[in-house]
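Only one structure is covered here, and it is reproduced in the block below.
The values are calculated or read from the model by the stated rules, or taken from the named source; none is laboratory data. Here the structure is a predicted model, which is why all the values come from computation and not from measurement. Positions of Cβ are backbone-derived with ideal geometry, glycine not excepted, and every protein chain shown enters the neighbour counts.
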Amino acid sequence: MAQLHEVSLTRGGRRVLHRVSLEAPAGRVTAIAGPNGSGKTTALALLAGDLTPQTGEVRLGGEPMARLSPAERARRRAVMPQHFEIAFDFTAREVVEMGLLPDAPAAAARGLVDRALEEAGLGPLADRAVTRLSGGERQRVAFARALAQIHSAEAVGAAGPRTLLLDEPTASLDLAHQALMISALRRLAERGVGVAVVLHDLNLAAAADAIVLLKAGEVAADGPPEAVLTEARIAAVYAAPVRLVEHEGRRLVALVPPGG
């Protein structure tokens, strides 16, 4: 489990997060949502150990993040950043290979990479230079690299559950690949991986097991989608009127146009 407990962080004189508590337990997909500037990416960076809070505590697998070495963090969590750029003509396969842990079994390496490529829908593009891929395709390469890290941690028998942290992974994806990624995250959770994913699209967030809704650096709501996604709360957090529609047991969010 990756966990923030009462964390606060101020950067450049601006309060980014204030007494935020959230968790991404094993076997669950947790969506982190909220308006621009609400602290979503900062919360994810804290969960990853890339930032240190001024107050509060970050824990990974039940242990304080500060006590874990970089190697131990890599065994326990993988991160897909919001922005992913490669300046050299590495192939998609070579970039995904970079996600493997150093002690991953050499005999299993190709199979682990092939598996990650297929899960990200990149099989036909495996040997194409990343610099020649579209933005959405490069985003899927970043996803596959994170998957390779998770899979190789399992292959070396790393202790404890793994956590996958993703920052807006669907931002450049078409509808089909958004669905593919959400399905892949669901399968990971079913295998015991804890998933925390920053999402702008509330309809994608509604497919998670839980939603943490942030507003101005604080937790506005935390719970199952049906409890968090109410018309009044969304309107208050986003300053935009919405209408909720029930469809096949799922709650969908529709923006109400001006005058609607």
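Report yes if Leu51 is touching a residue at least 24 places away in the same chain (Cβ under 8 Å), part of a loop (DSSP other than H, G, I, E, B) and hydrophobic (A, V, I, L, M, F, W, C), otherwise no.
yes
How many residues does segment 157-215 hold that are in a helix (DSSP H, G or I) and more than 24 Å from Glu226 (Cβ to Cβ)?
Here the count works out to 3.
Is it the case, given these coordinates, that Leu244 is modelled with pLDDT under 95, surrounded by 14 or more Cβ atoms within 10 Å (Cβ to Cβ) and assigned to a strand (DSSP E or B)?
In short, yes.
What residue, among those in segment 54-77 that are hydrophobic (A, V, I, L, M, F, W, C) and free of Cβ contacts under 8 Å to residues at least 40 places away in the same chain, is farthest from Gly217 (Cα to Cα)?
The qualifying residue farthest from Gly217 (Cα to Cα) is Ala71.
Have a look at Ser38, Ser21 and point out the one that is surrounded by fewer than 18 Cβ atoms within 10 Å (Cβ to Cβ) and either at pLDDT 95 or above or within 13 Å of Thr163 (Cβ to Cβ) (or both).
Just one listed residue meets the conditions, Ser21.
List, please: which pairs have Cβ atoms under 6 Å, are six or more places apart or on different chains, and start with a residue in segment 203-230 that is at pLDDT 95 or above and end with one that is among the polar types (S, T, N, Q) and in a strand (DSSP E or B)?
Ala210/Thr30
Given the criteria surrounded by 18 or more Cβ atoms within 10 Å (Cβ to Cβ) and either closer than 30 Å to Ala129 by Cβ or touching a strand residue (DSSP E or B) at 6+ places or on another chain (Cβ under 8 Å) (or both), does Gln82 qualify?
Spelling it out, it is not the case that Gln82 is surrounded by 18 or more Cβ atoms within 10 Å (Cβ to Cβ) and either closer than 30 Å to Ala129 by Cβ or touching a strand residue (DSSP E or B) at 6+ places or on another chain (Cβ under 8 Å) (or both).
Which of the residues belonging to segment 1-39 are polar (S, T, N, Q), farther than 14 Å from Asp222 by Cα and not in a loop (DSSP other than H, G, I, E, B)?
Listed by number, the residues that qualify are Ser8, Thr10.
Just name the residue that is surrounded by the most Cβ atoms within 10 Å (Cβ to Cβ) out of those in segment 86-123 that are free of Cβ contacts under 8 Å to residues at least 40 places away in the same chain and either in contact with a Cys (Cβ under 8 Å, 6 or more places away or on another chain) or part of a loop (DSSP other than H, G, I, E, B) (or both).
Among them, the one singled out is Leu122.
Answer yes or no as to whether Arg110 is among the basic types (Lys, Arg) and closer than 26 Å to Arg28 by Cα.
The answer is no for Arg110.
Somewhere in segment 182-189, is a residue more than 14 Å from the chain's Cα centre (by Cα), surrounded by 19 or more Cβ atoms within 10 Å (Cβ to Cβ) and either of a type in the set (A, V, I, L, M, F, W, C) or within 22 Å of Leu44 (Cα to Cα) (or both)?
no
Look at Arg19 and say whether it is charged (D, E, K, R), in contact with a strand residue (DSSP E or B) (Cβ under 6 Å, 6 or more places away or on another chain), touching a residue at least 40 places away in the same chain (Cβ under 8 Å) and over 27 Å from Ala153 (Cα atoms).
When the stated conditions are applied, Arg19 passes them.
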